[in-house]
Amino acid sequence: MSMPFYVAPEQFMKDKADYARKGIARGRALAAAIFDEGILLCAENPSTNLHKISEIYDRIAFAGVGRYNEFDQLRQAGVQHADVKGFQYSREDVDARTLANLYAQQLGMVFTHEMKPFEIEILVAEVGTAGGEDQLFHILYDGTVSDETGFAVLGGDSEAITERLKASFKSDVGLGPTLSAAVAALAGPERTLTAAELEVAVLDRAAPTRAFRRLADGEVASLIS
């Protein structure tokens, strides 16, 4: 009788984590940053139809990097959860922290129990009605959640992009300087990103209900020029 192939649990988990990280690193990165009037979300994404950044609920946005079909499943589940909870209870009861925890549970279950982990990182952002109330939750492929302060970077080459954005980030400036800093950090010193290569949206703090607004290429080009 042949002996079954054995892999130590620690090695199995490490292999799955390495697999997920390599898949995520092959994709283009995304940055989110708080500015004086809300939250900016900026992704390197030349596609006009496959969005990395989307609205979840009134003041909540979703962003994902990695395999599109995998993070879009989670986006749709988040929209459904938010709609049902807002209808059954109150719109004010829908919050980013609860959504982030649900996403973390789902990703953790897949990473632990499935052979192939999700090759994604996601961000749940909620803009407050006043400065200091904004929230950025970064969820990794294994369900790890981190509450980011000021800005967050997801995807390939995130360490280098984080260092570049950290050097220029200011939370008390307008949309134009914040977008320029995010685009420069995503591009790096050897590239230039145009408006057509970017997907940009904001959560507007002053909006009475739905805070999410997607920026057209013309407005992006004007802001970063």
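Each value in this text was obtained by applying a stated rule to the coordinates, not by laboratory testing. In this text the structure is predicted, and so the values were computed from the model without any measurement. Methodologically, a virtual Cβ is constructed for each residue, glycine included, from the backbone with ideal geometry; neighbour enumeration extends over all protein chains shown.
The simple spin-label model puts a point 7 Å past each Cα toward its Cβ; for residue 112 and residue 149 those points are separated by 3.0 nm. Working from Cα pairs under 8 Å separated by at least six residues, relative contact order for the chain is 28 percent. Against the chain, whose longest principal axis is taken from its Cα atoms, helix 9-25 shows a tilt of about 30°.
Take the Cβ-Cβ distance between residue 13 and residue 206 as r, set R0 to 35 Å, and report the resulting FRET efficiency rounded to the nearest 0.05. Kindly include the intermediate steps, with their values, before the conclusion.
Working: r = 45 Å, r/R0 = 1.29.
Calculated transfer efficiency: 0.20.
Which pairs, out of 14/166; 85/116; 52/85, put more than 26 Å between their alpha-carbon atoms? Where the Cα-Cα span goes over 26 Å, the pairs concerned are 14/166; 85/116. Which entry in [x] 70, 51, 31; [y] 48, 40, 37; [z] 72, 35, 29 matches Cα extents along the principal axes in Å derived from the coordinates of this structure? Label [x] holds the value from this structure.
Which one, 42, 198, 180, is farthest towards the positive end of the dipole of region 28-224 when Lys and Arg carry +1 and Asp and Glu -1 on their Cβ? My answer, from the dipole projection, is 198.
Derived from the Cα gyration tensor, the three semi-axes of the equivalent ellipsoid of region 91-149 are 25, 11, 7 Å, largest first.
What are the GluC sites (Glu not before Pro) within region 166-204 that DSSP puts in a loop, where the Cβ has at most 12 other Cβ atoms within 10 Å? It would help to have the intermediate numbers written out before the result.
Details: sites: 190, 197, 199; in loops: 190.
Counting only loop positions with at most 12 other Cβ atoms within 10 Å, the GluC sites (Glu not before Pro) in region 166-204 are 190.
Given R0 = 45 Å, the distance between the Cβ atoms of residue 89 and residue 48 translates into a calculated FRET efficiency of 0.80. Axis of helix 158-168 versus longest Cα principal axis of the chain: the two differ by about 20°, to the nearest ten degrees.
Between residue 219 and residue 101, what is 0.36 nm times their sequence separation minus the Cα-Cα distance? Round to one decimal in nm.
Details: separation 118, 0.36 × 118 = 42.48 nm, distance 3.42 nm.
Difference between extended and current length: 39.1 nm.
Packing, as the average of other Cβ atoms within 10 Å across residues, places the peptides 112-121, 178-187 in the order 178-187, 112-121, highest first.
Think of the chain as a dipole: +1 on every Lys or Arg Cβ, -1 on every Asp or Glu Cβ, centred on the Cα centre; then among 222, 87, 158, 158 lies furthest on the positive end. Here the sum of -39500 (n - 2.57) over DSSP H runs of 4 or more residues, divided by the residues of the chain, equals -12500 deg cm²/dmol at 222 nm, to the nearest 500.
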